[in-house]
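See below for the structure under consideration.
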Amino acid sequence: MATNATPIKRQRATKACDFCHTRGRKCAPQQQGGPECATCHDFGVPCTWNRVAKRRGAKPQPGKGLARWVLNEEKHGSNHIVQLLIDTYFKQVYPVVNVVFERSYREKWQAQQIPSSQASFALLMSICALSAFRFQGNGNSRERYTSPDFNPDVYLEEALAAIPHDVSYMRSTEMMQAVGVICVTALERRMASLLHKMFGLYHAASADQGFCDEKQWNPAMSTIEREERRRLFWYMYRLEVHTSLVMGHVVRCPDLQANVAYPSIPDEESTELGPAFEWLTGWNFVTDLYRGMEHLITRFRLSRNPQHTERRLLRTSFISADHITNQIVAQLTAGYESLPERFKSAESSNDPRSNRCGFQTANIICTKQLVEMLAFTSNDATLLQACQTAHDLIDRISSIPTQFLRAMSLGMLQELSGFGQILSSFIGKDLSRSEYTKLRVVMLCMAELLENLDDTLASADQAGKKLRAHVSDIDKFLASREGHEATASHHEQTPIPGDQAVSIAESDLDPMMMIPPVYLQIPWPGEWYSTMDGLDGGLYA
């Protein structure tokens, strides 16, 4: 009877000695026996077994848990510090950069659901990075809470570390929000290379997931998430137009090619306190202003720098037609007139919720005036008319409480500098004395405004002093010019008839006496940026 043979157990290959392992050879014992293997015996080398054995089997893979994306008190500060930065964001930044929904975000934070993922961690760190930078401008609070861990760079580095390089991993709303907030931080900190990088990542991720078309969004997303995506899209559009204006790049997500509705869900606090506290209507109107600005930028650039049309069969001159500009301005003016009165005058209070309408008012005033300036300069306007428009803007900004200007931060000053740069575009090779008189008033008024903002916005005082110094230089030149001509006429040897003497004396104050171009390089606030920063003129260059 056949019997089942016991299967022979496979033996694992024996471990080789150090010398054989190095040479990749099988380690065989000597035929005569002995402590050393045959190979070591043949080569006359010591047969050692000193190397550390590696574990067999599959190597352990890095964990995919959340250990990396959690708060560390030593690095990020205590929960009190993080709470302070979140509060700073919703108090100073949120009225303009409202890319998250306040109540839902605060509820998640209080329930310790933040951070709950890599994307959640990236968003939290980006908010902390922006708030910490803003928080540094408040001296009294900074003295109370600053510690070695309270460093904006730490939060920014943590946020960047959580941003994936592959756009296919950026399809969550929180990750897109994090990139958007980092763009704001980069702009305010004048980090041009980081701003371009983050904008490029945002546009790549937007194209990958169809972010500019609501029809391509996940239909199963919640109402709040859809609202947050709408807020994020339109804020990033506004930032795109703003940086196009300041830095000179093209608008990479045109208004006419987007299919995203405006935000429509007001904060719960607004509905609870009554319609007088609803501010989303004003925020949406600012978006309307930026949409109009996008088209006016196109017309302004075409009028100042005509395109190279060689070999082009299609002409696009119809885009710069005057009636388009008039229609844009007319619609925006009608929209402004239909706004509630709370968006036409700003009043400061101690209640952050009631101040949010004031933030929209400040933003509307600055942006609307800039739109009107662009439309005005696209037509056949004179320098004197442009000076009057700029003077009106400065008067309106001067009436805005400083805490609202603080919320707009550097963006407001960049747009303010735009007025000066547009004025410079009217100046020809020479500037007459009468034209300079009007321009001088604008420069001094802007210098006074900047100096008054010194406690609110960094570097404003320095920019104001530069303007005053430039005015002083031109005044000295004119005084020396008049003195030189008066001396020359005094030493004239040929007798001058009486009626001619009167005309020469009057010519010393000739309103058409030209100021040379060397004095026409006016240091508007935009001169804060150096060429190495990449923020050196943009549209106005």
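When the range 329-371 is limited to residues that are farther than 22 Å from Leu296 by Cα and of a type in the set (Lys, Arg), the one that is surrounded by the fewest Cβ atoms within 10 Å (Cβ to Cβ) turns out to be Lys344.
Conditions (1) farther than 18 Å from Leu370 by Cβ; (2) surrounded by fewer than 16 Cβ atoms within 10 Å (Cβ to Cβ); (3) of a type in the set (Ser, Thr, Tyr), marked per residue:
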| site | (1), (2), (3) |
| --- | --- |
| Phe233 | yes, no, no |
| Leu239 | no, no, no |
| Met247 | no, no, no |
| Cys253 | yes, no, no |
| Ser264 | yes, yes, yes |
| Glu268 | yes, yes, no |
| Pro275 | yes, yes, no |
| Leu280 | yes, no, no |
| Phe285 | no, no, no |
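Could you tell me whether the range 307-320 includes any residue that is modelled with pLDDT of 75 or more, of a type outside the set (Lys, Arg) and part of a helix (DSSP H, G or I)? Within the range 307-320 (the criterion being modelled with pLDDT of 75 or more, of a type outside the set (Lys, Arg) and part of a helix (DSSP H, G or I)), the answer is no, since none of the residues qualifies. Within the range 262-289, residues that are under 20 Å from Arg226 (Cβ atoms) and of a type in the set (S, T, N, Q) sit with their Cβ atoms under 7 Å from residues that are assigned to a helix (DSSP H, G or I) and modelled with pLDDT of 80 or more, at 6+ positions apart or across chains, in these pairs: Ser270/Phe277; Thr287/Trp234; Thr287/Arg238. Residues in the range 236-257 that are of a type in the set (A, V, I, L, M), at pLDDT 90 or above and in a helix (DSSP H, G or I): Met236, Leu239, Val241, Leu256.
In the range 441-478, what residues are of a type in the set (Gly, Ala, Ser), part of a helix (DSSP H, G or I) and modelled with pLDDT under 80? Break it down stepwise before answering.
So in the range 441-478, the residues of a type in the set (Gly, Ala, Ser) come out as 447, 458-460, 463-464, 469, 472.
Filter again for part of a helix (DSSP H, G or I), leaving 447, 460, 463-464, 469, 472.
Ala460, Ala463, Gly464, listed by residue number.
Cβ-Cβ contacts under 6 Å between residues 6 or more apart (or on different chains), taken from a first residue in the range 390-403 that is touching a residue at least 40 places away in the same chain (Cβ under 8 Å) and farther than 11 Å from Met446 by Cα to a second residue that is loosely packed, with under 14 Cβ neighbours inside 10 Å and small (Gly, Ala, Ser), are listed as Pro401/Ser348; Gln403/Ser348.
If I ask for residues that are assigned to a loop (DSSP other than H, G, I, E, B) and hydrophobic (A, V, I, L, M, F, W, C), which ones from the range 83-107 would you list? I'd like the intermediate steps shown before the answer.
Within the range 83-107, the subset assigned to a loop (DSSP other than H, G, I, E, B) is 94-101.
Those that are assigned to a loop (DSSP other than H, G, I, E, B) and hydrophobic (A, V, I, L, M, F, W, C): Val96, Val97, Val99, Val100, Phe101.
Each residue in the range 372-388 was checked for being within 23 Å of Arg238 (Cβ to Cβ), at pLDDT 75 or above and surrounded by 21 or more Cβ atoms within 10 Å (Cβ to Cβ), and 3 pass.
Let's see how each residue does on (1) within 30 Å of Trp234 (Cα to Cα); (2) at pLDDT below 85; (3) over 21 Å from the mean Cα position of the chain (by Cα):
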| residue | (1), (2), (3) |
| --- | --- |
| Asn50 | no, yes, yes |
| Lys54 | no, yes, yes |
| Glu73 | no, no, yes |
| Leu124 | yes, no, no |
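For the subset of the range 30-48 comprising residues that are in a loop (DSSP other than H, G, I, E, B) and exposed (fewer than 13 other Cβ atoms within 10 Å of the Cβ), which member is nearest to the chain's Cα centre (by Cα)?
Step one: of the range 30-48, the residues in a loop (DSSP other than H, G, I, E, B) are 30-36, 44-48.
From what's left, exposed (fewer than 13 other Cβ atoms within 10 Å of the Cβ): 31-35, 44, 46, 48.
Numbers: Gln31: 79, Gln32: 81, Gly33: 78, Gly34: 77, Pro35: 73, Gly44: 72, Pro46: 68, Thr48: 64 Å.
Ranking the qualifying residues of the range 30-48, first place goes to Thr48.
The single condition among (1) exposed (fewer than 14 other Cβ atoms within 10 Å of the Cβ); (2) in contact (Cβ under 8 Å) with a residue 40 or more places away in the chain; (3) within 25 Å of Trp283 (Cβ to Cβ) that Ser172 does not meet is (1). Cβ-Cβ distances below 8 Å connect the following pairs, each with a first residue in the range 229-245 that is acidic (Asp, Glu), a second residue that is in a helix (DSSP H, G or I) and at pLDDT 95 or above, and a separation of six or more residues or different chains: Glu240/Phe199. For Arg190, the conditions (1) in contact with an Asp or Glu (Cβ under 7 Å, 6 or more places away or on another chain); (2) in a loop (DSSP other than H, G, I, E, B); (3) at pLDDT 95 or above all hold with the exception of (3).
The values are calculated or read from the model by the stated rules, or taken from the named source; none is laboratory data. Because the structure is a prediction, the values reported are computed rather than measured. Counting neighbours? That spans all protein chains shown, and the Cβs are built from the backbone with ideal geometry, glycine included.
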